[in-house]
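A short worksheet on the structure shown next.
The numbers here are math on the coordinates, done by the rules we state, and not lab data. It should be emphasised that the depicted structure is a prediction, and the values quoted were computed from it without experimental measurement. When we count neighbours, we look across all protein chains shown, and the Cβ atoms used for this are built from the backbone with ideal geometry, even at glycine.
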Amino acid sequence: MSTSAPDGHQHVFDPSPETVDVDQAAADAARDIADVAAVEVITTAAVHLLSAAAVKLGLADDPEAQKDLDEARKLINALAGLITAAAPEISDMHARPLRDGLRSVQLAFREASVIQDPIGQGPGEKWTGPVS
């Protein structure tokens, strides 16, 4: 199927099975995730949360990235909960660098905040204890 866009360009949509097979992609993903150890899934999720929090804190290399402390707080809280709950399951070898990263974004949040949270009430401190 071909359509004309407002910019005058032709756009072609080819829904043929060769280009789009959602069921096959889902089956492949399920098989792939079955081969991944739980520790890898947990640490990958934590790294994604950590990276997203850093971006929201303005720590990314992208000069156009806007700080969003409300979003950063949510991400840090989720990260702290995940690390705290998962630490006994993933071993200290995996948990230690995640805790270090978490502490770094917690401190970066405190530094970026105009209105300071009381010690022990900053993002994630419910699970990690006071960070200073």
Inset, instruction - Would you mind getting me the FRET efficiency between Ala60 and Gln24? Use the beta-carbon distance for r and R0 = 22 Å, nearest 0.05. - result: 0.05
Inset, instruction - For the stretch 63-115, just run the numbers: alpha carbon Rg, then divide by 2.2 N^0.38 Å, N being how many residues it has. - result: 1.28
Legend entry - Estimated distance in nm for a label pair at Lys67 and Ser113, the labels positioned 7 Å out from Cα along Cα-to-Cβ: 1.3 nm
